[in-house]
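Below: one structure, written as C-alpha cells.
Just so it is clear, none of the values below were taken in a lab; they were calculated from the coordinates. Please read these numbers as outputs of a predicted model, since none were measured by experiment. Every residue, glycine among them, receives a Cβ derived from its backbone with ideal geometry; neighbour counts consider all protein chains shown.
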Amino acid sequence: MPLKGVQFKSPLLWLQRLSNKCNTTQCRYASGNTTYTSTPDTHTRSNRIASLEHTDSTQQEILHHAGLSATWWDLNGPLHGLHKLNDLRVPFVRDGLMTHSDIQKHLINTNNVLQGKNILEVGCGGGILTEALARLNANVTGVDLGEDVINTAQKHLDKFSPELIERITYKIEPIEAHARRNSNHYDAVVCSEVLEHIDDKAAFLRDCVKALKPGGSIFITTLNKTVPQWFGGIILGEYVFGVAPINTHHWHKLISPENVQLLLTALNCQTVLLKGFTYDVFNNRFRWIKPTAMCYALHAIKNE
C-alpha cells in the first residue's frame with residue numbers, strides 16, 4: 001500500500017541526530033496551528049527580552065518554534081501535522097460546546113454555530129486552530145510566549161483572512177498574566193498540543209481554569225505517556241515519518257489522561273469526555289481510536 005504524502009527520513013541520519021540529542025533536555029510552551037510562507041527575520045530584540053523573562057527550558061522552546069515560524073502556514077512543511085489535526089480538534093471543540101453550552105438551535109449545523117462564544121486558545125502558535133475556530137463565528141483570543149509565532153499568526157490573519165480580523169485577538173503573554181486580568185471570562189479554553197511541553201502542569205491548568213467561566217469548557221489534546229507513544233509517536237513520528245519536527249516532544253514531559261483528570265478534579269472540573277486518536281501514516285491523516293495509549297482528547301467542565 002503506498003504511503004501518500006509521508007516524508008521518510010534516512011535511518012542513518014535519524015540515528016545520528018538521535019545520538020546527538022539524547023542528552024539534551026528541551027521544553028516547550030507554545031503550540032502550533034498551520035498556507036503561506038514568510039521570509040524569516042532576525043529577532044534579536046525579542047530573543048533578548050524573552051531570555052530575561054523565561055526559564056532556560058522555556059526560552060529554548062520559544063527559539064525552537066521561532067525557527068519554524070517562516071513555514072508555519074506551509075501545508076506541506078514541517079508542521080503539516082498540525083494542519084491535519086484540525087480535522088479532529090475543530091469538531092471536538094465545536095461538538096463539545098454544542099452538547100454542553102447554550103448554542104442557539106438555529107445556529108446548529110451552520111458555519112455560525114459558535115456565534116457569541118468567547119474562546120481562549122493557550123499556546124496558539126501561528127494561528128492554525130485559532131482561525132479555524134473563528135470561522136465558526138467564535139471570538140477567539142490566542143496567547144503565546146513567542147513573539148515570532150504571534151507575528152506570523154497576525155501577518156497571516158491580516159493578509160489571508162481579513163474577514164476574521166474582528167473576531168481574533170493575538171497576545172504575547174503567559175497564561176498566568178492573562179488569567180489574572182480575565183478571570184471567569186471565557187466560555188471555553190483550548191490547550192491543543194501544549195500540555196506535553198509544560199513544566200508545571202498543575203499551575204498551568206490552574207491558570208487555564210481561572211480564565212474559564214463557571215460552566216465553561218476546557219479542551220485538551222496531548223500525547224499520552226506510554227511506551228507505544230514514545231516509540232510510535234516520537235521515534236517514528238519525528239525521526240522517520242516527519243509528522244512533527246525532530247526534537248519537538250520529550251518523554252519526561254508527557255502526562256497520562258488519568259493524571260490530567262486528577263489535576264482538573266482538584267480544580268473543580270469534571271471530565272465529560274475522553275477519547276484517543278492517532279496518526280495514520282498510510283492515509284496521511286489523524287483518526288479517532290478507542291484506546292488512549294497514543295494521543296488523547298479530553299473535555300472537562302468547570303463546575304458552577
Check your understanding: Given H placed on each backbone N at 1.01 Å, which residues far from G142 in sequence or on other chains put an amide H within less than 5 Å of it?
Key -> E121, T169, Y170, K171
Study note, to complete from the structure: The answer for chymotrypsin sites (Phe, Trp or Tyr not before Pro) in the range 226-304 that fall in a DSSP coil and have at most 16 neighbouring Cβ atoms within 10 Å is F282
Check your understanding: For the residue pair K159 and H252, what label-to-label distance in nm results when each label sits 7 Å from Cα along the Cα-to-beta-carbon direction?
Key -> 3.9 nm
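Just for the range 11-302, what percent of DSSP beta bridges are antiparallel, to the closest 5? If you can, show how the numbers build up before the last one.
Numbers: 20 of 39 bridges.
Looking only at bridges with both residues in the range 11-302, the antiparallel portion is about 50 percent.
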Check your understanding: Label-point separation (nm) for L75 and N111, each offset 7 Å from Cα along Cα-to-Cβ?
Key -> 1.6 nm
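Identify the trypsin sites (Lys or Arg not before Pro) of the range 56-123 meeting these criteria: DSSP loop state and at most 15 other C-beta atoms within 10 Å of the C-beta.
Details: sites: K84, R89, R94, K105, K117; in loops: K117.
Answer in residue order: no site qualifies.
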Review point. When the Cα centres of the range 172-204 and the range 255-304 are compared, how far apart do they sit, in Å?
Key: 17 Å
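Mind checking the full-extension length gain between Q270 and R181? Use 0.36 nm per residue of separation minus the Cα-Cα distance, one decimal, nm. Please report the intermediate quantities before stating the final value.
On the way: separation 89, 0.36 × 89 = 32.04 nm, distance 2.43 nm.
Roughly 29.6 nm would be gained on extension.
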Exercise for review: Report, by chain and number, residues whose modeled amide H sits under 5 Å from the one on Y186, excluding near sequence neighbours (fewer than 5 apart, same chain).
Suggested key: L212, K213
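Classify the range 11-302 from the C-alpha gyration tensor, please: rounded if a/c falls under 1.5, else prolate or oblate depending on whether a/b exceeds b/c. Kindly include the intermediate steps, with their values, before the conclusion.
Working: a/c = 1.38, a/b = 1.22, b/c = 1.13.
Rounded shape, in that the Cα axes give a/c under 1.5.
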